[in-house]
1. Hey, among 35, 26, 89, 45, which residue is surrounded by 15 or more Cβ atoms within 10 Å (Cβ to Cβ), over 17 Å from the mean Cα position of the chain (by Cα) and small (Gly, Ala, Ser)?
2. Search the range 75-91 for residues that are closer than 16 Å to residue 104 by Cα and pair each with any residue that is of a type in the set (Lys, Arg) when their beta-carbon atoms are under 7 Å apart and the residues are at least 6 apart or on different chains.
3. Filter the range 138-163 down to residues that are assigned to a loop (DSSP other than H, G, I, E, B) and under 26 Å from residue 283 (Cβ atoms), then give me how many there are.
4. In the range 120-140, which residues are over 16 Å from residue 95 (Cβ atoms) and of a type in the set (A, V, I, L, M, F, W, C)?
5. Counting only residues that are in contact with a helix residue (DSSP H, G or I) (Cβ under 9 Å, 6 or more places away or on another chain) and closer than 24 Å to residue 208 by Cβ, how many does the range 279-296 have?
6. Please go through the range 240-266 and give me each residue that is modelled with pLDDT of 90 or more, within 18 Å of residue 106 (Cα to Cα) and not in a loop (DSSP other than H, G, I, E, B), ordered by number.
7. So, in the range 6-19, how many residues would count as being in contact with a Ser or Thr (Cβ under 9 Å, 6 or more places away or on another chain) and assigned to a loop (DSSP other than H, G, I, E, B)?
Amino acid sequence: MASGVRLKVLYVGLRFDYGEPRRGKSFEFENLYGSLKTMDYLEISFFPFDQVLRERGREQMNRLLLEEVRRVQPQLVFFVLFTDEIERSTIEQISKQTITVNWFADDHWRFESFSRHWAPLFHWVTTTYSGAIEKYHALGFQNVIKTQWACNTHVYYPRDVPRDLDVTFVGRKHSNRAQVLRLLRRKGLSVRAWGRGWPGGRLSQEEMIRTFCRSSINLNFTESSVSFGLKRYAKLFLTRRADGTLRLNTLKEFEGMASVLFQPPPPQIKARNFEIPGCGGFLLTSDADDLSSYYKPGQEIVVFENAADLIEKVQYYLAHDEEREAIRQGGYERTIRDHSYEKRFLDIFRTMGFQL
């Protein structure tokens, strides 16, 4: 691509969290699209399929997406699918007109029920799960790019606030998280938690970022929810679309969901692994697939193995300010250098063959 010529990209994704306006903007809108639109070498357009779906219905939304592709004439259509709101035939038509890619973010648990069935519709796919690459190749699909969550450095950056909190956790209350925090408190440690299910409730984005900056130690847990409530079993049979409507799963989808129901997915890297260091916070996290490829444990972040190890490391790093500060600074510098979304997208586009 000639110098000064921008890559024309149409981004197709959710505007709202899970497609629900009452929940506010989606993570993908705020961070993926939010980063893409800041990149000087892109000419970016946005098609919010969830919003159009609610306003016009599924059939018209698909028709309008095809019209938008014809109008914009993008060199690349960047999809972030939710369920089957966009029809397979729509993606097939778009893939005949231009290059397409989809960001698959949950292959740790969603590959069998979702990704494997949709990947062949695109020229390229990305995955955040290293174990999925061989699975794609086994399907005969070679154009798979290993990528990862990152830090939206336009939003997540250090704030000038006092570091007046010892140990904090921001995230949902599930699995054994409450038990682990109780163990820390029994050792006399000051631990505070916010998020869905905790007494403190959810924080605003700005409050969360300030908490990362105020904390001597920020905890992170990489396991997924392993609850077995009615909602989890209902997902075997029903899929909720972004407009709130439900449809019956196909046999293949049922089989894929059943294959992981009683086998919890492996711990996975999450955006929080990058956002905390990106805010200049000290990160103490459980391990996850391929985490050491992104940060050096003991130099840029600290990883704990179990509850006993967590307690020991919390006590140690609260008592060793200089070591904690060196690791905090190392994590921040690594994030700014290597783990912005701009860096992720540049690597993806270059792998696809775009000269940027």
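1. Numbers: 35 fails: over 17 Å from the mean Cα position of the chain (by Cα); 26 fails: over 17 Å from the mean Cα position of the chain (by Cα); 89 fails: surrounded by 15 or more Cβ atoms within 10 Å (Cβ to Cβ).
Only one candidate passes the filter, namely 45.
2. Going by the 7 Å Cβ cut-off, the qualifying pairs are 83/241; 85/58; 85/241.
3. Just the residues of the range 138-163 that are assigned to a loop (DSSP other than H, G, I, E, B), to begin with: 139-143, 147-150, 152-163.
The next check asks that each one be under 26 Å from residue 283 (Cβ atoms); those that pass are 147-150, 152-163.
The number of residues fulfilling the criteria is 16.
4. Listed by number, the residues that qualify are 132, 133, 138, 139.
5. Kept after step one, since they are in contact with a helix residue (DSSP H, G or I) (Cβ under 9 Å, 6 or more places away or on another chain), are these residues of the range 279-296: 279-286, 288-289, 291, 294-296.
Next, only the ones that are closer than 24 Å to residue 208 by Cβ stay: 279-286, 288, 291, 294-295.
Going through the range 279-296 one residue at a time, the tally reaches 12.
6. Once the filter is applied, which keeps residues that are modelled with pLDDT of 90 or more, within 18 Å of residue 106 (Cα to Cα) and not in a loop (DSSP other than H, G, I, E, B), the range 240-266 yields only 240.
7. Matching residues across the range 6-19 total 2.
Residue-wise test of (1) surrounded by 18 or more Cβ atoms within 10 Å (Cβ to Cβ); (2) in contact with a helix residue (DSSP H, G or I) (Cβ under 9 Å, 6 or more places away or on another chain); (3) more than 21 Å from residue 65 (Cα to Cα).
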{"site": "95", "(1), (2), (3)": "no, yes, no"}
{"site": "104", "(1), (2), (3)": "yes, yes, no"}
{"site": "112", "(1), (2), (3)": "yes, yes, yes"}
{"site": "134", "(1), (2), (3)": "no, no, yes"}
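The values are calculated or read from the model by the stated rules, or taken from the named source; none is laboratory data. Note that the structure is predicted; figures quoted are calculated from it, not measured. Note: ideal-geometry Cβ built from the backbone for every residue, glycine included; neighbour counts use all protein chains shown.
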